[in-house]
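*Asks:* Starting off with a structure, shown below.
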Amino acid sequence: GMVCGLVNGLGLTWLRLPHPFIMTLGMLNIARGFTNLVSGGAPVSGLSDAIRFLGYARINLSGILGIRLYLPVSMLVLIIAYICVSIFLKKTSVGRHIYAVGGNPHAARVSGVNVDRVLVFVYMLCGFFAGLAGLLLVGRTGSGFPNAGLSAELDAIAAVVIGGTRLSGGVGGVGGTILGVLLLGLINSALDQLEVSSY
């Protein structure tokens, strides 16, 4: 994931493509083609216990809270990622540089921020979290399917925008994105409960 993010970031900073979607959608198609090539288009099973633990295991919190409660490990990963990224964006100079570059790259460059380095770092970070999400999905489903997550990129963009982040950058945060994800999940769950046809 981080290598794909590095390629995206370098493609944008070195090739100076006019819009990030060109590079990221190109990488999406390359990665999908590669996974189909490696897997032969078939699901891959026989996953390690560590991957299954990440996606499917639950931690028993009954003894700690006094009530019957099991926390999925994937939820624990989400909570840890949320806390780390929130602190990183709000309390570090690199986090402030990310907002500055998203808001106005030219002004950030004039202020002494290495815009290209920040962009490459952000794309690598996004790649890392995409890879982590992939591991959680594979652990949850018990197999690696090359077309798993098809159209998930649109859900991810929708959740971020619903959460208040501008696509042009500079405004938004992790908390809003979490709320956007929860809202989309609630809508999908409600449609399933109402037995609305997937079509």
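The values are calculated or read from the model by the stated rules, or taken from the named source; none is laboratory data. Fair warning: this is a prediction, and the values are worked out from it, not measured in the lab. A quick note on method: Cβ atoms are made from the backbone with ideal geometry, for glycine too, and the neighbour counts reach across all protein chains shown. Heavy atoms of the whole protein, side chains included, go into the accessibility calculation; ligands, DNA and RNA do not. Shrake-Rupley method; radii C 1.70, N 1.55, O 1.52, S 1.80 Å.
*Asks:* Please calculate how many Å² of accessible area the chain carries per residue, with a 1.4 Å probe and no DNA, RNA or ligand atoms counted.
*Replies:* That works out to 66 Å² for each residue.
*Asks:* Given the rule -39500 (n - 2.57) for each run of at least 4 DSSP H residues, summed and divided by the residues of the chain, what is its mean residue ellipticity at 222 nm, to the nearest 500 deg cm²/dmol?
*Replies:* -22500 deg cm²/dmol
*Asks:* Stretched out fully, how many nm does the piece from residue 188 to residue 94 gain, at 0.36 nm a residue minus the Cα gap?
*Replies:* Length gained between residue 188 and residue 94: 30.3 nm.
*Asks:* Magnitude of the Cβ-charge dipole of the stretch 1-111, K/R +1 and D/E -1, about the Cα centre, nearest 20 debye?
*Replies:* So the magnitude is around 280 debye.
*Asks:* Compute the FRET efficiency between residue 70 and residue 143 as 1/(1 + (r/R0)^6), taking r as their Cβ-Cβ distance and R0 = 30 Å, and round to the nearest 0.05.
*Replies:* Here the calculated transfer efficiency is 0.80.
*Asks:* Given a cut-off of under 8 Å on Cα pairs at least six residues apart, what relative contact order in percent is computed for the chain?
*Replies:* Here the relative contact order equals 29 percent.
*Asks:* Amide H to amide H under 5 Å from residue 58: which residues, 5+ apart in sequence or cross-chain, H placed 1.01 Å off N in plane?
*Replies:* Distant-sequence amide H within range of residue 58: 73.
*Asks:* Next question, about the same structure. Using the Kirkwood radius over Cα pairs, work out the Stokes-Einstein diffusion coefficient for the chain at 10 °C and 1.306 mPa s, in µm²/s as a whole number.
*Replies:* Value of D from the Cα-based Kirkwood radius: 84 µm²/s.
*Asks:* Give me the number: length gained by fully extending residue 178 to residue 129, i.e. 0.36 nm times residue separation minus the C-alpha to C-alpha distance, one decimal in nm.
*Replies:* Separation in residues times 0.36 nm, less the Cα-Cα distance, equals 16.2 nm.
*Asks:* At 0.36 nm per residue, and after removing the present C-alpha to C-alpha distance, how many nm does the segment from residue 87 to residue 2 gain when stretched out fully?
*Replies:* 28.5 nm
*Asks:* Expressed as a whole number of Å, what is the distance separating the alpha-carbon centroids of the stretch 35-61 and the stretch 111-177?
*Replies:* For the stretch 111-177 versus the stretch 35-61, the Cα centre distance is 20 Å.
*Asks:* I'd like to compare 186-196, 47-57: which one has the highest average count of other Cβ atoms within 10 Å, and what's the full order after that?
*Replies:* Ranked by mean Cβ neighbours within 10 Å, highest first: 47-57, 186-196.
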